[in-house]
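Read through the structure below, which is laid out as structure tokens, and then see the notes.
The values are calculated or read from the model by the stated rules, or taken from the named source; none is laboratory data. Predicted model only: the values in this text are computed from it and were never measured. Because the Cβ atoms are built from the backbone with ideal geometry, glycine has one as well, and the counts that use them run over all protein chains shown.
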Amino acid sequence: MVRRLLLAPLIGLAVASGASTAAEASCAGPTSLSDQIQRAALVFVGTVVSTSDEGRIAYVRVESIWKGPQLAENVKVFGSPASGANSATSDDRHYQDGTRYLFVLHSASEPLQDDACSATQPYTPALAALAPADAKAPMFTGYPTDPIPNRYAGPLIIGLIVAATVVSAAVALVVRVARLRSKRG
């Protein structure tokens, strides 16, 4: 009886570790990065400007498109099929603000979807050797206001409005003073 009680936690641990192996096995695919790039529908290099949804959504400034269709300069990549607070899956990919990545996606259609099983990874100088000679630049779509939040636009616009108001008030005051002086004089 005591032996069974001691074996139960060990059996549970063995089953749990076997379950994680099965989950990892769901990511089985081509072994080398070059094979994964060859099989991918979309491959590009970009820097994560900001994230949302607990790091599972990346707002990315695209730098170079290695494979796939033309992309806008700013794209949104979803690292999970689920979203919202307290939602998570075993396939979630989390991104870090300011990190440059090689994105290797299975689909090139919007919304751009990534997961923990893809070959997406932080970009290193060693990855440059895999870049194709015909890599494309992204389409310039204007200054980032959407989908990438521009953290500086709000304060800049407010500052310009305040400065314009102060200058207008100063000009109006100078004109008024000049008129009053000309009437007196």
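When each of 133, 128, 108 is tested for being at pLDDT 90 or above, part of a helix (DSSP H, G or I) and either surrounded by fewer than 17 Cβ atoms within 10 Å (Cβ to Cβ) or outside the structural domain of residue 90 (by TED's automatic domain parsing) (or both), the lone residue that passes is 128. Taking the criterion of being modelled with pLDDT of 70 or more and among the polar types (S, T, N, Q), the residues of the stretch 139-170 that qualify are 141, 165, 168.
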